[in-house]
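Q: Have a look at this one before I ask anything.
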Amino acid sequence: MGEKSMQDRAFQIRPMTEGDLEAVSVLENLCFTMPWSREELKRSFENTGLYRFYVAEDGGKILGYTAMSLVVDEADIDNLAVSPEERRRGIGRALLIKALTDASELGMETAVLEVRDSNLPAISLYESLGFRQIGYRKKYYTNPEEGARLYGRIFSGSFPILN
């Protein structure tokens, strides 16, 4: 039998630990033009009353992560990042499903996020999981300057993967 392809390799989704901060910081800088600093990541990670962080891991390597803040009855998907060489494997979908499932189980009623106009793969992912555009923010992003689509999703009971 031959070696497994990159697509077939297993990964697991788990809550982030403090030991993951350095790898997540590297990923943040690799994936975003407006990255959170390591200090911002650490401060947010330590604020467990507000934030939840999850990572996708394969053999000790962090492939992606998501950060979600919980305010009253709303989950805000603050960041979702997957290493460029690991994309198109379902990692982003798995991370987002984990975050949304937990948000629903914690009693959140809605989920929101912003996405760059040009990020069509992310827009497709969000729409496939029941998000709909609910607003627009002009010049929200810099480097390059670009608008953000504001997406929202209402939970009905538990989080349904398909709707």
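Just so you know, all these numbers are worked out from the coordinates, no wet-lab data involved. Small disclaimer: the values here were computed from a predicted structure and weren't measured. Note that we place each Cβ from the backbone using ideal geometry, even for glycine, and neighbour counts take in every protein chain shown.
Q: Total Lys pairs in the chain closer than 27 Å by alpha-carbon, pairs eight or more apart in sequence or interchain only?
A: Lysine pairs meeting both conditions in the chain amount to 5.
Q: Rounded if a/c is under 1.5, else prolate if a/b beats b/c, else oblate: with a ≥ b ≥ c from the C-alpha gyration tensor eigenvalues square-rooted, which is the range 65-136?
A: oblate
Q: Further question: Positive end of the dipole of the range 11-154, charges at C-beta (+1 Lys, Arg; -1 Asp, Glu), about the Cα centre: which of P84, P121, I154 has its Cα farthest in that direction?
A: Among P84, P121, I154, the one farthest towards the positive end of the dipole of the range 11-154 is P121.
Q: Could you work out the Rg to Rh ratio of the range 11-154, with Rh taken as the Kirkwood radius (inverse of the mean 1/r over all Cα pairs)?
A: Taking Rg over the Kirkwood Rh, I get 0.93.
Q: Further, regarding this structure: Charges only on Cβ, +1 for Lys and Arg, -1 for Asp and Glu: so what's the dipole of the chain about the Cα centre, in debye to the nearest 20?
A: 440
Q: What is the Cα centroid distance between the range 91-107 and the range 30-66, reported in whole angstrom?
A: So the separation of the two Cα centres works out to 15 Å.
Q: So which chymotrypsin sites (Phe, Trp or Tyr not before Pro) in the range 24-106 end up in coil per DSSP with only 15 or fewer other C-beta atoms within 10 Å?
A: F32
Q: Kindly work out what percent of the DSSP beta bridges joining two residues of the chain are antiparallel, to the nearest 5.
A: 90
Q: Also, quick follow-up: Report ³J(HN,Hα) in whole Hz for each residue of the range 56-68, in order, from the Karplus equation J = 6.51 cos²θ - 1.76 cosθ + 1.60 where θ = phi - 60°; Gly and Pro get x.
A: These are the phi-based 3J(HN,Hα) values: 9, 10, 9, x, x, 9, 7, 9, x, 7, 9, 10, 9 Hz.
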